[in-house]
Amino acid sequence: MSKILVFGTGVLLRGLIADCAEKAQMPITMVSSTPSGDDRARALRASGGKFTLRERGLGSDGSVVDTAREVAIIESALTASDDTEAVLATASDPAIGLVISNVSESGFKLTEPKEQSFPGRLAAWLRARMESGAPGVTILPSELIAENGSKLRAMVAECAPDPVFLAWLDSACVFCDTLVDRICTQDDTDPLAAIVEPYTFWAIQGTPTGALGELAAANPGGIVVTPSIERYQVRKVRLLNGLHTAMASIGPSKYGVETVREALEHPELGPWLESLLWDEILPAICPPLEKDDAEAFARLTLLRMKNPFLVHKLSMIAVGATVKWEARLLPTMAAYEERFGTQPEKLTACREAFLAGG
């Protein structure tokens with residue numbers, strides 16, 4: 001039985017990673033990486049590593065799902081700042097086969113002093129792993145950053161540029177690019193509980209062998225290990241994230257709606273947004289995406305967005321809108337115009353609303 005070392009204590013790690021790990025019966029050692037994470041690590045330690053997972057939303061057939069269960073796969077919770085020696089001591093455990101992180105975009109970078117940043121702490125753990133003689137590991141960053149595996153590998157190398165260590169890193173360890181897709185939110189009544197939608201998807205670029213193979217085999221459909229995750233990234237960013245950004249650009253200013261569900265249930269805006277999805281976004285991205293797969297994902301996206309238990313504020317989606325437009329919608333607009341020789345009417349209206357509001 002393989003084990004997992006996790007850096008981070010946030011809700012996605014509890015709501016997705018721990019859920020998948022429990023299905024595979026792979027015990028987790030969780031290591032916090034921020035002061036707020038330290039508090040969660042201590043709370044998890046006090047609870048014996050147990051927390052409540054609430055799955056709430058709509059099933060694939062539209063029926064309401066509302067369940068709760070206890071997750072008890074976290075066998076220890078440590079703080080990187082106070083338990084440094086204990087964290088490094090886990091490096092000699094040969095059963096640890098996976099290292100998974102979710103430290104937020106702000107934590108997924110090198111800061112000074114490097115040894116106290118997440119990449120620096122990971123580099124120290126991996127170096128201790130090498131020195132212990134334990135086998136290499138597969139590293140799965142789950143931050144929503146493109147090419148997160150290769151970027152983390154580069155930061156680790158910058159923290160520990162020793163040629164012997166780098167040679168071991170290349171020969172014994174694998175850094176995988178990944179894409180996670182599950183809405184996970186905090187429970188206001190229970191700081192350790194996680195509220196999640198029924199949908200789970202985790203794409204990992206790699207080979208399903210060893211500990212990664214164990215994890216994937218226990219989560220069929222929920223985890224996909226594949227030589228390339230590019231189509232999954234395009235599908236999510238251009239369809240799901242693209243529709244989010246479009247509705248956040250036009251919904252509040254023109255229709256006075258404040259949440260994703262309100263936008264889709266609005267008698268005028270809802271059909272308009274669905275038309276935008278089916279008549280402008282999908283034709284612009286199929287190809288390169290396969291039409292049947294993209295349309296199935298679009299139907300699932302609408303179902304997920306109508307989850308009656310989620311309050312997804314458009315104001316939150318609008319944060320950093322300029323960067324989001326560049327990644328999520330401008331390429332779709334350009335592809336549509338090139339393919340059909342005209343501007344997409346609804347996406348152009350969203351763009352104008354965004355620019356007028358900005």
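The values are calculated or read from the model by the stated rules, or taken from the named source; none is laboratory data. All values derive from a computational prediction rather than experimental measurement. Ideal geometry is used to build each Cβ from the backbone, glycine not excepted, and the neighbour counts take in all protein chains shown. Surface areas here come from the heavy atoms of the whole protein model, side chains and all, with no ligands, DNA or RNA. Shrake-Rupley method; radii C 1.70, N 1.55, O 1.52, S 1.80 Å.
With R₀ set to 56 Å, the beta-carbon distance separating V65 from D162 gives a calculated FRET efficiency near 0.65. Its Cα centre serving as origin, the chain has a Cβ charge dipole (Lys and Arg +1, Asp and Glu -1) of approximately 60 debye. Helix 291-305 and the long axis of the chain differ in direction by around 90°, with both axes built from C-alpha atoms. The accessible surface of region 238-358, taken with every protein chain in place and a 1.4 Å probe, is 53 percent carbon and sulfur. The packing ranking of peptides 178-184, 42-48, highest mean first, is 178-184, 42-48, where packing means the average number of other beta carbon atoms within 10 angstrom of each residue. With everything on Cα atoms, drop me the angle between helix 118-132 and the longest principal axis of the chain, reported from 0 to 90° to the nearest 10. With rounding to tens, the tilt is 40 degrees. The sum of -39500 (n - 2.57) across all DSSP H runs of n ≥ 4, divided by the residue count of the chain, sets its helix-only mean residue ellipticity at 222 nm to -12500 deg cm²/dmol.
With bins 10 Å wide beginning at 0, the percent of Cα pairs of the chain falling in each bin runs 5, 23, 31, 24, 14, 3, 0. Here region 320-354 and region 28-101 have alpha carbon centers that stand 39 Å from each other. Panel note: the C-alpha atoms of region 17-74, placed on their principal axes, show extents of 41, 24, 18 Å (largest first).
In this structure T348 has an accessible area near 30 Å², from a 1.4 Å probe over the protein heavy atoms. Computed extension length for E115-S92: 6.3 nm, one decimal, from 0.36 nm per residue of separation with the Cα-Cα distance subtracted. Shape analysis of region 144-216 yields a ratio of the Cα radius of gyration to the Kirkwood radius, Rg/Rh, of 1.11. Using every pair of separate Cα atoms, the Kirkwood estimate puts the hydrodynamic radius of region 43-196 at 17.5 angstrom.
Compute the long axis of helix 345-357 from its Cα atoms, compare it with the longest principal axis of the Cα atoms of the chain, and write down the angle in degrees, 0 to 90, nearest 10. On a 0 to 90 degree scale, this one is about 70.
For the residues P287, P198, P94, a GNM of the chain with alpha-carbon springs under 10 Å puts the largest fluctuation on P287. Under 8 Å for C-alpha pairs, at least 6 residues apart: give me the relative contact order for the chain, rounded to a whole percent. Rounded, it is 16 percent for the chain.
Pick out which of T52, T189, T245 has the largest mean-square fluctuation in a Gaussian network model of the chain, springs linking Cα atoms closer than 10 Å. Among T52, T189, T245, the largest GNM mean-square fluctuation belongs to T189. Measuring r between the beta carbons of E131 and S171 and using R0 = 22 Å, the FRET efficiency lands at 0.90. The length gained by stretching the chain between E326 and E345 to full extension, at 0.36 nm per residue less their Cα-Cα distance, is 5.0 nm. Were the residues from A296 through A146 laid out at 0.36 nm apart, the gain over their Cα-Cα distance would be 51.6 nm.
Only Cα pairs under 8 Å and 6+ residues apart enter the sum, and on that basis the relative contact order of region 181-227 stands at 33 percent.
With contacts taken as Cα pairs under 8 Å at a separation of at least 6 residues, region 1-90 carries a relative contact order of 31 percent. Residue pairs exceeding 27 angstrom between C-alpha atoms, taken from K23/K114; K313/K346; K3/K324; K291/K346; K3/K313; K324/K346: K23/K114; K3/K324; K3/K313.
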